[in-house]
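Asks: Here it is, the structure in full.
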Amino acid sequence: MRATKRLWIRTAVGAAAAAALMGSAWAQETLKIGLLANLEGPFAVPGQDGYRGADMALKEKNGMAGGKKIEFVKVSSDATPDKAVAMTRKAVEQDKVQIMIGPLSGDEGIAVKNYAKTKPEITFINGSSGAQATTLTDPAPNFYRFNTEGAQWMVGLGEHALAKGYKRTFLISEDYGFPYSQVQGFMASYCAKGGKVVDKAWVPLGTKDYASVIAKIPKDIDALVVVLGGSDAVNFLTQYEQAGGNKPMIGGSITVDQTVLNYKGKRRESLLGTASAGPMADSIDTPEWKKFVADYKAQFKDGFPSPSLFAYLYYINTRATLEALDAVKGDLSNGQKAYRDALQKTSFKGPAGEVKIDANRNGVGTTYITEVTKAPDGSFYNKVVKTVPNISQTLGLPEAEFKKMGLGSRDVPDCRK
Amino acid sequence: MTEARKRIALWLLFGGPVAVFSVWAIADNPPLYFKTLLNGLTLASLYFLVASGFTLVFGLMRNVNLAHGSLFLLGAYVGWVVGENTGSWLLAVAAGFLSAAVLGLLMQVFIFRFMEGQDLRQTLVTIGLSIVLADLMLWAFGGEIYTFDPPAWIYGSTVLPVVEKFPTYRIAVLLAAIVIGIGLWSFLARTRIGMMIRAGVDDRGMLAASGVNVQLVFAITFAIGAGLAGLAGVVGGTALSISPGEDTRYLLASLVVVIVGGMGSVVGASIGALLIGLAEQFGLAYAPTYSVVFTFVIMVVALAFRPRGIMGRAG
Amino acid sequence: MSASQWRRAMNSAATAAAPSTAARPPLSPRQASPSVPGVDPIASPGWLARLGARIRLRHLVVLVAAVAYPFVASPFFTYQIGAQSLALGLIALSLTFLGGYGGMVSLAQMTIAGLAGYLVAIFGTSSMVSISLGWPWWLAVPFALLGATVFAAAVGWLSVRTEGIYTIMITLAIGVAFFYLAQQNYTVFNGFQGLSKIAAPELGGIDFREPVPFYFVALGCALTGYFLVKHLVRAPFGVALQGIRDNPRRMESLGFHVTAHRVAAYAVAGLLAAVGGVLMVWYNGRISPGTVNLAQMISILIIAVLGGMKHPIGAFIGAIVYVLLQNFAIDLFVRERFNLVIGGVFLAIVLFSPDGLLGLWAKLRSSLGRTQISHQKRRPQ
C-alpha cells in the first residue's frame, strides 16, 4: 500500500512538472511594454487617469497586438525629470521592455527624450508630455509623440477671443515651460490679428495667494488670459471673485479642465462662459468620443465622471503603439526598423479627431475651442464651440516665420502696444 | 556705541529703504500699495494662526513639531467633511480645531512623552509622522482640490476707502487672528494654566518640583497647539484651497515666521508673521520673480543679527 | 539642547558592541585609542603595521565584494543601484559626519551637493550654451567643488550661531530658499527646466558614462570619503569636534575656537557632499530644481538615520536600502504607497532603533549571545 502511495505521488509530481513544461511551451509569447506615469507628486491624480487610458487601449485590443500577448510593466515617477529617467532606465534595462510609453509631464518628456538617444534599439512613445522642446529642439529619432503639444493646444483661441471683442487682455500665468508654450500658441495668431496683451504677470509655480497679482490688473482691459493649472487655477478663480473682479476670462488648457471643474466645494457661477482650448473636450459630439466616454465609465467605476486630458492622451499614444505592432505583425527585429516605419505611417480616427504624426514625429491634430457651461444636473462641463483641425507644430504660421519667433519664453512672443 | 544708538542705527538701516520705497509706491499707484498692504496684513494673520501653535509647542516642550503642517491639513480635511455634512462653516472650524487637538494629544501622550529630552529624536519622529500622515491623507481624501463654503456674510467683497473692493473674508481672517492672538496672550498671561506653561518655558525642573503635573500641562499645551493648527487649516483652506502639499507649504511658512520672530514667544510669532506676510505680498506685487526667495532672505538677515529671532530669548 | 541629552539620544548598548574603529576616544587628543596604547595616531613610523593590525576579515570581504560587484551584477544593477547608492551614500556620509560626530544635523547637505552639480554644469558644458562657460572637466570640477565648499562654510557660519534643533530648521529654510532661487532664475540656473546634457568625461579611451567605469569612479570617491571621515574623527580635529559636540563650554574654556571648528566641520562635510553632488550630476546627466527640492533634502536625512549615524558605513548601508526600496517598492507593495512605506520604515527605525540598521544589527548580535566588546567605561550621565 505504501509503495503504491509513493508511486502515485511521484506520478502526480512528474505529471505536474511535465504539464508545467509543456504549459510554458504552449503559452503565447509575451511582449513587455513599459508604461510610465505619475503616481506621486503633484500629478498623482492625473497620473492614475493616464494608466486608465492606456489600459483602455489595451482592452480594446483584447490584450494582444501583433499576435503577441501584451504585458504592461508599470513604473511611476513624481514629476521630477530625475525620477522619470531613473524609472525609464529600470523598465528598459532591468525589466527589459522593448517599447516604452510615457512620461506624463513636459520636463520629464525632455529628460526621457535625452535618455532615448542613448538607447537607439528601444522605441519610445510619449505618454502625455506636452513641451514644445521635446520634438522641436534636438529631437530623438526613436521618440514618437502622437499627441499635440502645449502650444498647438491653444491655436484658434486667439481668433475666438477677438471674435468675442477682447482686444486688450492681461495675462496671468505660471512661470515655467508649459505655460510659455501655451501662451505662444495663443498669442501667435492673437497678436498677428490685432490683439494686444497689455502686460504679463508671471507668477512663481506654487503661488497660492494671488491677491497682489489681482490688485495689479489694469482697469482698461477687456478680458483676462489665465494660464494656471490645478489648484492654482481654483485659488485664482475664487480669489478673483472674492475681490469683486468681473472681467471675463480666457483659460489655458488645464485652467478649466475636469480636475478644476470637479473641485470639491461650491461651484462658482463666475466660471461660466470661460473660453478655453485643448486637444479634447468633455462634450465632443461624435460617435467615437461618445463611445470612448462610455467605455471609460464602464471600465473605471473609480474614475472621473468623464475621461480627463491625460486618459485621452495616453489612450491615443498607446493605441498608436499597438496598431503599429499589428501592422508589422509583432516584428521588432532589425533594430525595430519595420516597426518604426509602421509607426510613422500610423494614423487612425481617434475619439477626438484624426491622430497622425508629421515628419518630425510630432502629432498633428485637432484643437477644440470650448466654453464652460452648466449641465442640466447642475454640474459644469466644457461645451465645444469650435473645432480647428490639422494643427502642426508651426502653429498655423509659415515655417520660416515660426522659426524666427523661436520657442515660447517669458518675453516671446510680445505684443504690448 | 550705546544700546540706544545701535537700535536707532538698525531702525534707520532697515526702515530707511522701506520708507523710501513706500513713498515712491504711494505716489505711483496708491490703490495698489494699500491693497498690497492690506493683503500682507491679512496673509500675516493667517500665518500667525498657523505659527502660534508651533511656537507654543516648541516654547514649552522644546519639540520642533515638523508634523505641524500635517495637523493643519488634517484639520482642514476633517473640517471640510463636517462642513459638507452639516452645512455649517462654523461647525467645520470647530471640527478642525478638535480633530487636530485630539491627534496632537494622542501624539504627545503615546509617543513624545517617552522621549523627554531627546530633542533630535523627537524631531526625527515628527518628520516620519509627517511623511506617513501626508500619504494617509492622500489615500483617504485623494488628490483633488477642496474648497470651503463660508457663510454669505463673510464671502464677497466690501468697499473700503482707497482700495475700493476688498475681499470680506480676508478682513474676517484679520479680525479672527487679532481675537485669537489676544485670547492666547490672555490665556498665557492671566490663567493659572497659562502661568504654569510660562513657568515651564522658563524652568521645567522647578515646575515639576513645585508639584505641578507636568505631563498634564504638556498634554494640554500640545493639544492647544495642534488644535490651533487645525483651526488655521479650515480658516486658511477657505481663503486658499486645500490639496496635498499644503502641509509642507504652511510648515515652511510657520518655520520661517517662528525663526524670525523667536521661538516660544507668541508676540514673536505675530511680529514674524507681519514681516513675512508683508514681504511676500509686496514681493509678489512689485517683484514677483523672486518674491519667495525674498522671504527667506529676510530670514537669513534676521538670523545674522539676532540668531534667536527678534523676540527670542537664550536657553 | 544639553550635551548629556544629546549623548543619551545617540548612545545605546550598541556603542559598546561596535568594533574598535567606532570607539570614541576620550577628550584628551594625546591619549591614544585603547587598541594601540601609547602610539600617536598621526605621525607613527609603524603605520603600516598599525594598519595591518586593524584590518579585519570583514573589511576585506566588503572591499572585495565592492570591487567585484560590477563584474557579477547586470549593468542596470551596477549603474542604477550600485553607483547611485555610492553617490547618495557619500552625501549622507557628510550628514553622518556633521550630525553624528559634530552634533549638527544639517538638512542642507543635498543643497550643497545640488549646488556643486549646478556649478559643474555652469562651468562645464550643458544643453544651454548661453549659460555654460565650456571649461574642460578638470577645470570645471575643482572649481565646482570649491564653490560648493565655500557655500557650505557660509551655511555653517549662519547656522553655527544656533544650536541643536535650530540648526535643522535653519538649514531646512536655506535649502528651500536655494530651491526657489534655482526654480525662478533663468539666467544662471535655467529655472524649472534645469540644465541637461551634462556628461562624465572620456579619459584615456575609457568613457566614464558607461556603467562599470562610472561605478569605479563612484567607488573610489566613496572609499576616499569613508577613510577621510574615519581618519578625521581620530585626528585632533575630529576629537575636538566631538568634544565640542559634547560640551562646547568646556572646550571653549580649554582654548579651542568653537565657532571656527564648527564652520570647518561644515566645510569638510560640504566638500564630501559636493563630491557626491558631482557624481550625482554625472549619473543623471542633468540637474534641475527637482533634484534639490524638500523631498530630496529629507531623503538624505532618512538615509543617514536609516543606516545609523554612529559609524560612517551606516550612510552607505542606508543608501543601499533606500535605493533598493525606491526601485523595487513598486513591484512589491501597492504601487502608490511608496511614501507610506518609506515613512513608516523611517518612523519605525527612529522609534525603536535610533541607531538605525547598524544599531539593530548590533542588538541582534548581542542578543544572540556574542561577547560584548566594550572599550568604553559607562560615563555617569
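Asks: Suppose we filter C:Gly99, C:Gly114 for residues that are closer than 23 Å to C:Arg234 by Cα, under 18 Å from the mean Cα position of the chain (by Cα) and either surrounded by fewer than 24 Cβ atoms within 10 Å (Cβ to Cβ) or of a type outside the set (Ser, Thr, Tyr) (or both); which single one remains?
Replies: Going through C:Gly99, C:Gly114 in turn, just one is closer than 23 Å to C:Arg234 by Cα, under 18 Å from the mean Cα position of the chain (by Cα) and either surrounded by fewer than 24 Cβ atoms within 10 Å (Cβ to Cβ) or of a type outside the set (Ser, Thr, Tyr) (or both): C:Gly99.
Asks: What tally of residues in the stretch A:253-277 results from selecting those that are in a strand (DSSP E or B) and modelled with pLDDT under 90?
Replies: Result for the stretch A:253-277: 1.
Asks: Among the numbered conditions (1) assigned to a helix (DSSP H, G or I); (2) at positive phi; (3) of a type outside the set (Asp, Glu), tell me where B:Val132 comes up short.
Replies: Result: B:Val132 fails condition (2) only.
Asks: Could you check the stretch B:114-124 and list, in sequence order, the residues that are more than 7 Å from every other protein chain (Cβ to nearest Cβ), part of a helix (DSSP H, G or I) and either at pLDDT below 85 or over 23 Å from the mean Cα position of the chain (by Cα) (or both)?
Replies: Matches in the stretch B:114-124: B:Phe114, B:Met115.
Asks: Ok, one more. Can we say B:Leu49 is assigned to a helix (DSSP H, G or I) and free of Cβ contacts under 8 Å to residues at least 40 places away in the same chain?
Replies: So B:Leu49 fails the test.
Asks: When both residues are 6+ apart or on different chains and their Cβ atoms are under 8 Å apart, which pairs have a first residue that lies in the stretch A:139-154 and is among the small types (Gly, Ala, Ser), and a second that is part of a strand (DSSP E or B)?
Replies: From the stretch A:139-154, the pairs are A:Ala140/A:Phe124.
Asks: Right, something else. Any chance the stretch C:162-175 includes a residue that's assigned to a helix (DSSP H, G or I), over 26 Å from B:Thr248 (Cβ atoms) and either among the small types (Gly, Ala, Ser) or out of contact with any Pro (no Cβ under 8 Å at 6 or more places or on another chain) (or both)?
Replies: Within the stretch C:162-175, not a single residue is assigned to a helix (DSSP H, G or I), over 26 Å from B:Thr248 (Cβ atoms) and either among the small types (Gly, Ala, Ser) or out of contact with any Pro (no Cβ under 8 Å at 6 or more places or on another chain) (or both).
Asks: I've got another one for you. A:Ile122: modelled with pLDDT of 90 or more, more than 10 Å from chain C (Cβ to nearest Cβ) and farther than 29 Å from A:Ile254 by Cα, yes or no? Let's see the steps before the verdict.
Replies: Working: modelled with pLDDT of 90 or more: yes; more than 10 Å from chain C (Cβ to nearest Cβ): yes; farther than 29 Å from A:Ile254 by Cα: yes.
Yes, satisfied.
Asks: Identify all residues within the stretch C:350-359 that are modelled with pLDDT of 85 or more and at the interface with chain B (Cβ under 8 Å from one of its Cβ atoms); write none if there are none.
Replies: C:Val350, C:Leu351
Asks: Quick check on my filter: what residues within the stretch B:28-39 are facing another protein chain (nearest Cβ under 8 Å) and either aliphatic (A, V, I, L, M) or in contact with a Gly (Cβ under 6 Å, 6 or more places away or on another chain) (or both)?
Replies: Matches in the stretch B:28-39: B:Leu32 only.
Asks: Given the criteria within 14 Å of chain A (Cβ to nearest Cβ) and modelled with pLDDT of 85 or more, does B:Thr248 qualify?
Replies: Taking the combined requirement at face value, the residue satisfies it.
Asks: Can you pull out every residue in the stretch A:213-243 that is under 23 Å from A:Gln184 (Cα atoms), part of a loop (DSSP other than H, G, I, E, B) and free of Cβ contacts under 8 Å to residues at least 40 places away in the same chain?
Replies: A:Lys216
Asks: Just checking, which of A:Leu104, A:Leu36 is closer than 21 Å to A:Thr148 by Cβ, part of a loop (DSSP other than H, G, I, E, B) and not small (Gly, Ala, Ser)?
Replies: A:Leu104
Asks: Taking only the stretch C:126-158 into account, find how many residues are touching a Pro at 6+ places or on another chain (Cβ under 9 Å) and in a loop (DSSP other than H, G, I, E, B).
Replies: Qualifying residue count for the region: 1.
Asks: Do the conditions hold for B:Ile127, that is, is it within 14 Å of another protein chain (Cβ to nearest Cβ), in a helix (DSSP H, G or I), over 26 Å from C:Tyr166 (Cβ atoms) and at pLDDT 85 or above?
Replies: no
Asks: Continuing with this model, one more query. What are the residues in the stretch A:125-139 that are on the phi < 0 side of the Ramachandran plot and within 11 Å of another protein chain (Cβ to nearest Cβ), if any?
Replies: A:Ala131, A:Ala133, A:Thr137
Asks: Take the residues of the stretch A:69-98 that are buried (at least 24 other Cβ atoms within 10 Å of the Cβ) and part of a strand (DSSP E or B): which is farthest from the other protein chains (Cβ to nearest Cβ)?
Replies: A:Ser77
Asks: Select, from B:Val81, B:Val93, the only residue that is under 20 Å from B:Arg170 (Cα atoms), in a helix (DSSP H, G or I) and more than 14 Å from chain C (Cβ to nearest Cβ). Write out each step before concluding.
Replies: Values: B:Val81 fails: under 20 Å from B:Arg170 (Cα atoms).
One residue alone meets the criteria, B:Val93.
Asks: Right, B:Gly211: surrounded by fewer than 18 Cβ atoms within 10 Å (Cβ to Cβ) and away from every other protein chain (no Cβ under 14 Å) or not? Explain how you work it out, then say what you get.
Replies: Numbers: surrounded by fewer than 18 Cβ atoms within 10 Å (Cβ to Cβ): yes; away from every other protein chain (no Cβ under 14 Å): yes.
Against the criterion (surrounded by fewer than 18 Cβ atoms within 10 Å (Cβ to Cβ) and away from every other protein chain (no Cβ under 14 Å)), B:Gly211 qualifies.
Asks: Could you tell me whether any residue of the stretch C:84-105 is touching a residue at least 24 places away in the same chain (Cβ under 8 Å), touching a helix residue (DSSP H, G or I) at 6+ places or on another chain (Cβ under 8 Å), within 14 Å of chain A (Cβ to nearest Cβ) and more than 30 Å from C:Arg245 (Cα to Cα)?
Replies: yes
Asks: What are the pairs, 6+ residues apart or on separate chains, where a residue within the stretch B:293-305 that is within 7 Å of chain C (Cβ to nearest Cβ) has its Cβ under 6 Å from a residue that is among the β-branched types (Val, Ile, Thr) and surrounded by 15 or more Cβ atoms within 10 Å (Cβ to Cβ)?
Replies: B:Met299/B:Val256; B:Met299/B:Ile259; B:Met299/B:Val260
Asks: Continuing with this model, one more query. Within the stretch C:282-303, is even one residue closer than 16 Å to C:Gly117 by Cβ, within 13 Å of chain A (Cβ to nearest Cβ), in contact with a strand residue (DSSP E or B) (Cβ under 8 Å, 6 or more places away or on another chain) and assigned to a helix (DSSP H, G or I)?
Replies: no
Asks: I'd like to check something: does the stretch B:143-157 contain any residue that is in a strand (DSSP E or B) and not aromatic (Phe, Trp, Tyr)?
Replies: Yes, because at least one residue in the stretch B:143-157 is in a strand (DSSP E or B) and not aromatic (Phe, Trp, Tyr).
Asks: Return the residue satisfying two criteria in turn: it lies in the stretch C:128-179 and is farther than 19 Å from C:Arg286 by Cα and among the polar types (S, T, N, Q), and of such residues it is nearest to the other protein chains (Cβ to nearest Cβ).
Replies: Ranking the qualifying residues of the stretch C:128-179, first place goes to C:Thr162.
Asks: In contact with a Ser or Thr (Cβ under 9 Å, 6 or more places away or on another chain), modelled with pLDDT under 80 and within 14 Å of chain B (Cβ to nearest Cβ): which single residue out of C:Gln376, C:Gln381 fits that description?
Replies: C:Gln381
Asks: Is at least one residue of the stretch B:40-62 polar (S, T, N, Q), away from chain A (no Cβ under 14 Å) and over 20 Å from B:Ala172 (Cβ atoms)?
Replies: Yes: the stretch B:40-62 contains one or more residues that are polar (S, T, N, Q), away from chain A (no Cβ under 14 Å) and over 20 Å from B:Ala172 (Cβ atoms).
Asks: Count, please, the residues in the stretch C:137-177 that happen to be under 17 Å from C:Val281 (Cα atoms) and either of a type in the set (D, E, K, R) or buried (at least 24 other Cβ atoms within 10 Å of the Cβ) (or both).
Replies: Residues meeting the conditions: 2.
Asks: Hey, can you tell me all the residues within the stretch B:80-113 that are without any contact (Cβ under 8 Å) to a residue 60 or more places away in the chain, closer than 19 Å to B:Val217 by Cβ and under 22 Å from the mean Cα position of the chain (by Cα)?
Replies: The answer is B:Leu106, and nothing else.
Asks: Can you name every residue in the stretch C:176-212 that is part of a loop (DSSP other than H, G, I, E, B), touching a residue at least 60 places away in the same chain (Cβ under 8 Å) and under 19 Å from A:Leu205 (Cα atoms)?
Replies: Those that are part of a loop (DSSP other than H, G, I, E, B), touching a residue at least 60 places away in the same chain (Cβ under 8 Å) and under 19 Å from A:Leu205 (Cα atoms): C:Val188, C:Phe189, C:Asn190, C:Gly194.
The values are calculated or read from the model by the stated rules, or taken from the named source; none is laboratory data. This structure is a prediction, so every number in the text was calculated from the model and none was measured. For neighbour counting, all protein chains shown are included, and Cβ atoms are generated from backbone atoms with ideal geometry for every residue, glycine included.
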